[in-house]
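Below is one structure, written out as structure tokens; comments come after it.
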Amino acid sequence: MNSRASNSVITRFKPYFRYLLPVKWHFIAALIAGIVYGVSSGFGLPFLVNQVFPVLFGDAKVKETVAIDLPAWVPLEGLTLSAEAYLAFAVALLPIAFLIRGVSGFSNVYFINYCGLYILERIRLMVFKKLQELDLKFYFKYQSGDLVSRIVTDTASVQGAIIMVANDLVKQPITFLAAMGALIWMVVNNPNLTFILVGLIIIPICVFPIRYVGKRLYQRAGQMQKEMGNITGLLTENLLSPQEIRAYNLEEAEYSKFDNKVKQLFSFRMKVVKYAQILTPIIEFISVLGISISVYLAAKSDVSIEEVIAVIFALYMCYEPVKKLGAIHNKVKEGTASLDRLEKILNHPVATPDVANPLPLNNCLGKIEFDSVSFAYDQELVLKNISVVIEPGEVVALVGPSGAGKSSFVKLIPRFFSLKSGAIKVDGVDITQIAAKNLREHIAIVSQDPVVFNDTILNNIRLGAPDVAEDKVIAAAKSSYAHEFIMQMEDGYQTVAGEKGARLSGGQKQRIAIARAFLKDAPILIMDEATSALDSEKEAQIQAALKELVKGKTTLIIAHRFSTIKMADRILVFDKGRIVGDGTHDSLYTANGVYTTLFDNA
């Protein structure tokens with residue numbers, strides 16, 4: 001990997017290296033261990049082979065009767081050993097060298113993995129945090145399973161690339177330079193070995209396959225990660241829809257779709273494996289060519305076999321880091337493909353970020369104003385130039401055909417989406433000037449299909465007020481007529497609801513959602529057909545409870561069934577993204593054709 005490519009890699013991943021700062025001492029320890037490993041491997045082993053083998057097998061082979069002075073490089077000047085002790089000393093040097101190499105190698109891997117797992121955790125948290133900040137429109141573009149794949153799989157790939165870059169771009173060059181140092185040292189001490197430098201001229205040739213394979217690997221890795229996201233998305237969708245799949249006999253069709261996706265992933269995975277693994281034998285073949293040239297020249301020169309062994313060992317230690325750097329290049333290309341997918345999340349703009357100095361929303365009365373508001377999910381306007389004022393404490397029903405804009409209207413108030421144009425005000429303050437968290441603290445929402453989390457029923461009711469005492473939770477459940485069925489469950493309020501509230505019926509989920517609203521007691525209440533899943537008897541009970549819930553609150557009720565609008569002070573009629581009627585039931589029924597048709601067909 002040439003310097004230009006290295007600089008490009010470092011620049012690409014540079015913003016993420018900051019996550020090493022909290023674990024800098026672990027990283028420094030890893031680098032020190034890597035340097036020791038590189039020096040002991042690149043210089044130490046060839047040096048010892050060059051010094052020890054001649055003692056053991058050379059012409060001056062030790063005899064038991066001979067006393068030998070230690071060589072000059074041993075820091076024990078003037079010490080003389082018996083031949084037997086000297087032999088033991090020479091033999092012991094190799095295991096000592098490998099012990100140093102092994103301990104430093106283990107320490108390097110251990111500490112670098114500590115840093116790597118920390119980075120993985122930080123990147124995942126960073127991506128997850130960004131997902132919490134994006135408006136709901138973002139989630140229309142991606143399957144939830146694909147987002148899961150990016151958080152789990154792509155972050156791991158990026159982490160691997162960062163760690164390899166941070167570690168091996170120090171460790172492998174050190175090993176290479178140390179091996180070069182050993183070669184130069186041997187040439188300086190024995191000019192007859194100058195020919196070995198010829199074997200190094202092949203090293204630059206390795207750059208060409210590294211660049212070619214890296215380019216192909218980047219393309220295939222991107223395809224593989226995309227296909228992994230598709231599989232995760234399909235799997236998630238399947239697991240969340242078991243009833244529908246069985247009801248419509250879709251088992252075989254689902255299996256066929258999943259089978260096709262798995263086969264496509266297998267194909268892309270094998271292409272990644274091909275390009276990731278083919279580089280090693282290519283570089284090894286090029287390395288052997290260089291070593292073969294050296295062996296050929298050695299055979300024609302007047303050098304001993306002991307010297308040749310040390311030379312070949314040093315040459316091998318020069319080529320090995322080049323091979324590792326090729327593997328780094330491949331890993332970086334895989335990581336870059338994953339980073340591209342992650343940065344589609346990380347760099348996605350927050351549609352309506354909080355302003356630097358938001359205005360506080362205290363003692364909220366609940367007055368809501370729409371001033372010439374237009375809104376679109378894509379290009380086509382869903383709401384068109386809406387202007388309306390809802391007074392504090394007013395109960396307003398929203399009616400209209402499907403797709404008329406009712407749900408979009410209420411979802412704009414908590415800043416779930418950003419406006420195309422116009423402004424929405426709460427108590428006279430533009431909601432974009434209020435921190436989203438502060439704004440949403442004053443809004444309670446009861447949806448038609450409420451989400452119940454895989455947690456206890458107690459905590460599910462506490463969502464909007466997590467620190468409230470249990471007796472208040474029970475009071476809210478009683479107000480929503482949920483207490484009775486909760487107490488009939490195995491563990492009462494400590495019963496775990498299951499994924500998406502699997503242990504609860506649709507009506508029970510709605511009563512849990514209504515209990516949340518009672519407990520939160522927010523000044524603004526949004527209800528999207530809050531009783532649609534209840535039977536007529538329970539609905540009558542809940543309607544009475546809702547009349548208590550809406551007292552003193554600015555309430556917006558999306559009414560699909562007209563029995564819900566009886567408690568409304570006012571009705572807004574929506575049609576094709578506009579408000580085409582505003583009044584009471586009696587005034588609208590006689591004067592508004594859209595409302596009359598809706599009511600008569602209800």
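One residue alone among 149, 157 is in contact with an Asp or Glu (Cβ under 9 Å, 6 or more places away or on another chain) and modelled with pLDDT of 80 or more, and that residue is 157. Considered as a group, the residues in region 354-367 that are under 38 Å from the mean Cα position of the chain (by Cα) and surrounded by 17 or more Cβ atoms within 10 Å (Cβ to Cβ) include one that is modelled with the lowest pLDDT, and that residue is 354.
What pairs can you find where one residue is in region 273-300 and assigned by TED's automatic domain parsing to the domain that holds residue 209 and in a helix (DSSP H, G or I), the other is hydroxyl-bearing (Ser, Thr, Tyr) and surrounded by 13 or more Cβ atoms within 10 Å (Cβ to Cβ), and their Cβ atoms are less than 6 Å apart, with a gap of 6+ or different chains? As it stands, the answer is 287/319, since those pairs meet every condition given.
Put simply, of 351, 327 the only residue that is more than 30 Å from residue 206 (Cβ to Cβ), small (Gly, Ala, Ser) and modelled with pLDDT under 80 is 351. Restricting attention to region 497-550 and to residues that are polar (S, T, N, Q) and in a helix (DSSP H, G or I), the residue that is modelled with the lowest pLDDT turns out to be 536.
Set side by side, the residues 467, 449, 471 differ, and just one is surrounded by fewer than 15 Cβ atoms within 10 Å (Cβ to Cβ) and in a helix (DSSP H, G or I), which is 471. Pick from region 483-534 the residues that are over 36 Å from the mean Cα position of the chain (by Cα) and small (Gly, Ala, Ser): which of them is surrounded by the most Cβ atoms within 10 Å (Cβ to Cβ)? Filtering region 483-534 for residues that are over 36 Å from the mean Cα position of the chain (by Cα) and small (Gly, Ala, Ser), the one surrounded by the most Cβ atoms within 10 Å (Cβ to Cβ) comes out as 533. The requirement of being modelled with pLDDT of 70 or more, buried (at least 17 other Cβ atoms within 10 Å of the Cβ) and under 28 Å from residue 337 (Cα atoms) is not satisfied by residue 314. Can you confirm whether residue 322 is in the same structural domain as residue 575 (by TED's automatic domain parsing) and touching a residue at least 40 places away in the same chain (Cβ under 8 Å)? No; evaluated as a whole, the condition is false for this residue. When region 385-411 is filtered for residues that are buried (at least 21 other Cβ atoms within 10 Å of the Cβ), out of contact with any Asp or Glu (no Cβ under 8 Å at 6 or more places or on another chain) and assigned to a loop (DSSP other than H, G, I, E, B), only 405 remains. When each of 479, 421, 408 is tested for being small (Gly, Ala, Ser), within 19 Å of residue 545 (Cβ to Cβ) and touching a residue at least 12 places away in the same chain (Cβ under 8 Å), the lone residue that passes is 479.
The values are calculated or read from the model by the stated rules, or taken from the named source; none is laboratory data. Keep in mind the model is a prediction, meaning the values are calculated, not measured. Every residue, glycine among them, receives a Cβ derived from its backbone with ideal geometry; neighbour counts consider all protein chains shown.
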